[in-house]
Protein chains: 2
Amino acid sequence: MTYRAPVQDMQFLLHQVLQISTSDIPGYADLDEGFTAAVLEEAGKIATDVLAPLNAVGDAEGCTLENGVVRTPKGFKAAFNALRDGGWTALDCAPEFGGQGLPYLIHSAVNEALVSANMALNMYQGLTHGAYSAIAVHGSAEQKAMYLPKLASCEWTGTMNLTEPHCGTDLGLMRTRAEPQADGSYKVTGTKIFISAGDHDMADNIIHLVLAKAPGGGEGTKGISLFIVPKLIGDARNGVSVGKVEHKMGIHGSATCVMNFDGATGWLLGDLHKGMRAMFTMMNEARLGVGLQGYAVAEAAYQAAAGYARDRLQGRAITGAANPQGPADPLIVHPDIRRSLMDQRSFVEGARALTYWGASLIDRAHRMGDAASDGLVSLLIPVIKGFQTDMGFQMAVQAQQVWGGHGYIEDNPASQFVRDARIAMIYEGANGVQALDLVGRKLTQDGGKHVLAFFDMVKAECTGHDADPRMEPFTKALKAASKQMQAAGMFFMANGMKNPNAALAGSSDFLHLMGHVCMGLMWTRMARAALTALDAGGDAGFLQAKLATGRYYMARQLPACGLHLARIETGAETVMALEPQAF
Amino acid sequence: MTYRAPVQDMQFLLHQVLQISTSDIPGYADLDEGFTAAVLEEAGKIATDVLAPLNAVGDAEGCTLENGVVRTPKGFKAAFNALRDGGWTALDCAPEFGGQGLPYLIHSAVNEALVSANMALNMYQGLTHGAYSAIAVHGSAEQKAMYLPKLASCEWTGTMNLTEPHCGTDLGLMRTRAEPQADGSYKVTGTKIFISAGDHDMADNIIHLVLAKAPGGGEGTKGISLFIVPKLIGDARNGVSVGKVEHKMGIHGSATCVMNFDGATGWLLGDLHKGMRAMFTMMNEARLGVGLQGYAVAEAAYQAAAGYARDRLQGRAITGAANPQGPADPLIVHPDIRRSLMDQRSFVEGARALTYWGASLIDRAHRMGDAASDGLVSLLIPVIKGFQTDMGFQMAVQAQQVWGGHGYIEDNPASQFVRDARIAMIYEGANGVQALDLVGRKLTQDGGKHVLAFFDMVKAECTGHDADPRMEPFTKALKAASKQMQAAGMFFMANGMKNPNAALAGSSDFLHLMGHVCMGLMWTRMARAALTALDAGGDAGFLQAKLATGRYYMARQLPACGLHLARIETGAETVMALEPQAF
């Protein structure tokens, strides 16, 4: 039951749904089916052979702080070297800095396999990728030359230092300070917590990107700037130390550190007092990456659960023995087990489609400067992050349930998937913050034009297939769900102005409502692509399964939109009825 | 943020809702408000002072196997002695065996506080209570005299040995054998797994109740008998040993053992080849106890989350600063945090009501031989177990989310509540099995008369209050939800006969649909009781909060019934569309 990358599903999205090789996005035309198949197969191989076997090891051993240095679990360093040596960390980095210049979409597809196989190990390169992007966008020519080649290759790794003990979401409360020095550098002092990959033994240097307040910037988030603070400057230790490695619920192989900066030397990255803006530049990619973790871990959990359900003999099918020679039938004959597995796979396949679509919008925005794509993906990001991680966790829990009591025992993989998946709902903006971002900001951004564009896409998808009766289960459900989403938007407009709480009390429900509409849109697109491929003589087993999985989602999951709308329309009254002291 | 037993809520249920002191159930009339308040306050005290401080200790240390003996975490033994010495383990045991003869309802209310404070530690006495009941019902006079006083006092503890490596739910596959001996005893041989409290260092002896096949009983579950297999016979070790202590996701303080029986001496308990029936006698109480764990852990998680939300300063209320002197407002001002806390408390209070009602039905059945109550509680048990543990886990997850990143760190209590709560969905019949029991058996039991009685109760509750407009938010929502439950039942009747999968594919949704209807019924009863008490000059703050919490549940949670019905009505087609090999 080792993880196998679902290459056929990935290829279906890239070529049948997104049709990348005929896309006008620069660089996409090079990506023919043979090329992406080769990349994904190779990524799948390293995921299966190198990363997956270390997943349980990382969970059991965790990271330890020894004499001020963090030790990663046995085997992590060799696996990280293998990723690095295979060029997997630099797929979408610029060729001038040693990267392969591939689209972000390909990076994302590859990343899925690596995360499914070993979420914790892959975080080291994920954080590095974020630091690479920040310096690539905001760095001076000198900074780029100095850091990007090392970060692209992961010879050096990166971190993001935002959170402090007393502030996470509310960065205006930040206390870390940066004092300017005569030579143009800064002395950075403060304590940061929850720093993923804050220290470890797999790289020659660690480049910390640190948010801190420099003098003269004013109160709140306005005074915040972003600094590059390396662990080593040349061969000399900088004033950075690890206070603690956290003992967490999951992702034990990922070192989550308390970082102490004691007059550490740092250099401004980007403009003074514009640190928040610099962070926001990376936010879409960072949040899409976490949304990807949501379904990637669920995929791994699903594969393990499906394998168990096929093998484990328990009870008999109610419609007659399916395995009459054996002492019992496999679990998978039971309708409630089947329901659970269908929940899982229909979510994962829909979320993969949404994530790849989001990644292609980011490519379109970055490579073509397309503002509409940038606006649309900004609208989708809280959904990709919030909905996919909430659901990904739920699905990992359902996968665990398939194992019965064996799922609760740490000898089996199910518990780790649940514990690992849990963090994705929290970090990179807790999902309540995603919902607030969606309802409080993204819906009305640029006069609401991105959400209107989204509705237009949904409408086009619903009306374009009236002729093909095989599309009806998709378009009918999608139409109904999108009407419910529109009604929720109307409720916010009608009530949110006089009472903002009336909108915010429904924010998490709206995030989920829109998440289901996005899944419905993806499944409608996938169904169309599958039917086209089927009519052209494609792999009938694969394509029929795709259609059946989609029909399941439309029939069983899309009706959740009605529940979310009903909740939203009750407004804030019952939510805010009690005084804080009554809790 | 230490756990405090919600004594006022418990008292409200016992006296305003269930009105126990005027009940006709034998023993209930002795339970006046002063008496139950004293019992619950004292139980709350031991929960807060003795058990709660050991909860994190038990999680961090776990149980270890040393030279064949299981060591419990530091402090567990002293706490267990305190429970024993205070008489807390024998509340509802028979006075002739050293118990206090109190109703099962009081045992349950007390148990809630103990489970909230320390679920793992309380399992040792929970299992013992099960063994006590089994011997009390099925034992010979000699067996009762020998075991019951020691089990009532927990000087000896008990276990239940059902599961084997290859069979959990499907006990017909059982391999453990019992060979009759000339002296009337048996030699029991086999391996049992997942045995809670299988071994430990807190009692003088451990009384294993073991299901095994004795010769002549035939195939499948028919040949199974129940045996008493003590760890020690006199001072001599019996042929019972611990193979392993499992490393689990949670309840680390509870020793989950692999038990090896190597020709161990055992004595038949109850009738030969009627072991399954003997187990079923205990099932309602055992499953109610697990359903209680579902909401009791959620209560503890809620208390911790509410405390954190009141204290942690982060962001500003969108309607204007609530804490203008401070650097930020407390988390609790944010509508999405408030929504989450309302979800949690409205579930917990409803589940407490359902559990206490179930316990009182068990008392009525046992103490008065009332078959209608026995039938009704048998119908409710899969809901109490399945719905309450599914929701209790979800609510513990929501509580953890309130903590943001701090909830993922094991220094804080949130993660343990989630990991502990997870097991309740699995053991004592996984929740999919509960759903199967409900739809496949309980709905139609005795010609469906128990579900009809349930509907009559709901109807009476809805129609009795038309005069009081304050009841409208309750009765209106309950009426709608119960119609949806009826529609689901009709769907099963119309489709389940020709295709049993059409019913079973909707079994988990039905379990949840009925769960919400039960919550709605409980909230309607609580609202009526609260209004009566309010009009009589009761504690307005408490009673208004109760009503507001109930209105939240009716407005925000009861609409889930519509979603479950929609799913049920799609039948089995999309669920069973794929062949097993397609997964």
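The values are calculated or read from the model by the stated rules, or taken from the named source; none is laboratory data. Since the structure is predicted, the reported quantities are computational estimates derived from the model, not experimental observations. Note: ideal-geometry Cβ built from the backbone for every residue, glycine included; neighbour counts use all protein chains shown.
Against the test of being within 30 Å of A:Gly234 (Cα to Cα) and in a helix (DSSP H, G or I), the options A:Gly172, A:Gly130, A:Gly158 yield a single qualifying residue, A:Gly130.
Among the residues making up segment B:47-62, those that are over 22 Å from the mean Cα position of the chain (by Cα) and farther than 20 Å from B:Thr89 by Cβ are B:Val57, B:Ala60, B:Glu61, B:Gly62. Of the residues contained in segment B:302-313, none is found to be touching a strand residue (DSSP E or B) at 6+ places or on another chain (Cβ under 8 Å), farther than 15 Å from A:Gln581 by Cα and assigned to a loop (DSSP other than H, G, I, E, B). Residue check: is A:Ser196 closer than 30 Å to A:Ala52 by Cα, in contact with a Lys or Arg (Cβ under 7 Å, 6 or more places away or on another chain) and either at pLDDT below 95 or of a type in the set (Ser, Thr, Tyr) (or both)? Considered against the rule, which asks whether it is closer than 30 Å to A:Ala52 by Cα, in contact with a Lys or Arg (Cβ under 7 Å, 6 or more places away or on another chain) and either at pLDDT below 95 or of a type in the set (Ser, Thr, Tyr) (or both), A:Ser196 comes out as no.
On inspection, A:Thr48 fails the criterion of being of a type in the set (Ser, Thr, Tyr), touching a strand residue (DSSP E or B) at 6+ places or on another chain (Cβ under 9 Å) and assigned by TED's automatic domain parsing to the domain that holds A:Asp199.
Taking helices (runs of 4 or more DSSP H) as the structural unit, those lying wholly within segment B:476-583 and holding at least 3 residues that are facing chain A (nearest Cβ under 8 Å) correspond to B:500-504, B:540-552, B:560-568.
Within segment B:180-211, being in a strand (DSSP E or B) and either without any contact (Cβ under 8 Å) to a residue 40 or more places away in the chain or within 14 Å of chain A (Cβ to nearest Cβ) (or both) holds for B:Pro180, B:Lys192, B:Ile193, B:Phe194, B:Ile195, B:Ser196. Of the residues A:Tyr186, A:Tyr124, the single one that is under 15 Å from A:Ala286 (Cα atoms) and either touching a Ser or Thr at 6+ places or on another chain (Cβ under 9 Å) or not assigned by TED's automatic domain parsing to the domain that holds A:Lys244 (or both) is A:Tyr124. The set of residues from segment A:159-178 being surrounded by fewer than 22 Cβ atoms within 10 Å (Cβ to Cβ), in contact with a Lys or Arg (Cβ under 7 Å, 6 or more places away or on another chain) and touching a residue at least 40 places away in the same chain (Cβ under 8 Å) comprises just one member, A:Thr176.
Considering only residues that are in contact with a Ser or Thr (Cβ under 7 Å, 6 or more places away or on another chain) and closer than 17 Å to A:Tyr104 by Cβ, which ones fall in segment A:1-24? Once the filter is applied, which keeps residues that are in contact with a Ser or Thr (Cβ under 7 Å, 6 or more places away or on another chain) and closer than 17 Å to A:Tyr104 by Cβ, segment A:1-24 yields A:Leu14, A:Leu18. Being among the β-branched types (Val, Ile, Thr), crowded, with 21+ Cβ neighbours inside 10 Å and modelled with pLDDT of 95 or more, is that true of even one residue in segment B:231-238? There is no residue in segment B:231-238 that is among the β-branched types (Val, Ile, Thr), crowded, with 21+ Cβ neighbours inside 10 Å and modelled with pLDDT of 95 or more.
Against the numbered list (1) more than 12 Å from B:Ala90 (Cβ to Cβ); (2) more than 24 Å from the chain's Cα centre (by Cα), B:Met119 comes up short only at (2). Given (1) assigned to a loop (DSSP other than H, G, I, E, B); (2) within 14 Å of chain A (Cβ to nearest Cβ); (3) farther than 24 Å from B:Met425 by Cβ, identify the lone condition not met by B:Gly270. The single condition B:Gly270 does not satisfy is (2). Looking across segment A:383-411, the residues that are outside any helix (DSSP H, G or I) and without any contact (Cβ under 8 Å) to a residue 60 or more places away in the chain come down to A:Ile409, A:Asp411. I'd like to know if segment A:364-378 contains one or more residues that are part of a helix (DSSP H, G or I), within 14 Å of the chain's Cα centre (by Cα) and at the interface with chain B (Cβ under 10 Å from one of its Cβ atoms). No, because not a single residue in segment A:364-378 is part of a helix (DSSP H, G or I), within 14 Å of the chain's Cα centre (by Cα) and at the interface with chain B (Cβ under 10 Å from one of its Cβ atoms).
The helices (runs of 4 or more DSSP H) located wholly in segment A:5-91 include none with 2 or more residues which are within 22 Å of A:Ala131 (Cβ to Cβ) and hydroxyl-bearing (Ser, Thr, Tyr).
Sub-6 Å Cβ pairs linking a first residue in segment A:57-82 that is closer than 15 Å to A:Ser196 by Cα to a second residue that is surrounded by fewer than 14 Cβ atoms within 10 Å (Cβ to Cβ) and hydroxyl-bearing (Ser, Thr, Tyr), at least 6 apart or interchain, are A:Arg71/A:Thr64, ordered by first then second residue. Among the residues of segment B:398-433, those that are under 16 Å from the mean Cα position of the chain (by Cα) and over 23 Å from B:Leu54 (Cβ atoms) comprise B:Met425, B:Ile426, B:Glu428, B:Gly429, B:Ala430, B:Asn431, B:Gly432, B:Val433.
Yes/no matrix, rows are residues, columns are (1) within 20 Å of A:Ala435 (Cβ to Cβ); (2) modelled with pLDDT under 95; (3) within 12 Å of another protein chain (Cβ to nearest Cβ); (4) buried (at least 24 other Cβ atoms within 10 Å of the Cβ):
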residue: A:Leu380; (1), (2), (3), (4): yes, no, no, yes
residue: A:Ile384; (1), (2), (3), (4): yes, no, no, yes
residue: A:Gln388; (1), (2), (3), (4): yes, no, no, yes
residue: A:Gly392; (1), (2), (3), (4): yes, no, no, yes
residue: A:Gly405; (1), (2), (3), (4): no, no, yes, no
residue: A:Asn412; (1), (2), (3), (4): no, no, yes, no
residue: A:Phe417; (1), (2), (3), (4): no, no, yes, yes
residue: A:Ala421; (1), (2), (3), (4): yes, no, yes, yes
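Within segment B:307-340, the residues that satisfy the criterion of being more than 8 Å from chain A (Cβ to nearest Cβ) and touching a residue at least 12 places away in the same chain (Cβ under 8 Å) are B:Gly307, B:Tyr308, B:Asp311, B:Arg312, B:Arg316, B:Ala317, B:Gly326, B:Asp329, B:Leu331. With respect to B:Ala322, is the statement that it is outside any helix (DSSP H, G or I) and hydrophobic (A, V, I, L, M, F, W, C) true? Judged against the criteria, B:Ala322 is a match. Yes or no: segment A:2-19 includes at least one residue that is among the small types (Gly, Ala, Ser) and within 25 Å of A:Tyr302 (Cβ to Cβ). Yes. What about A:Val245, is it β-branched (Val, Ile, Thr) and away from chain B (no Cβ under 14 Å)? The answer is no for A:Val245. Candidates A:Leu83, A:Leu114: the one that is in contact with a Ser or Thr (Cβ under 9 Å, 6 or more places away or on another chain) and modelled with pLDDT of 95 or more is A:Leu83.
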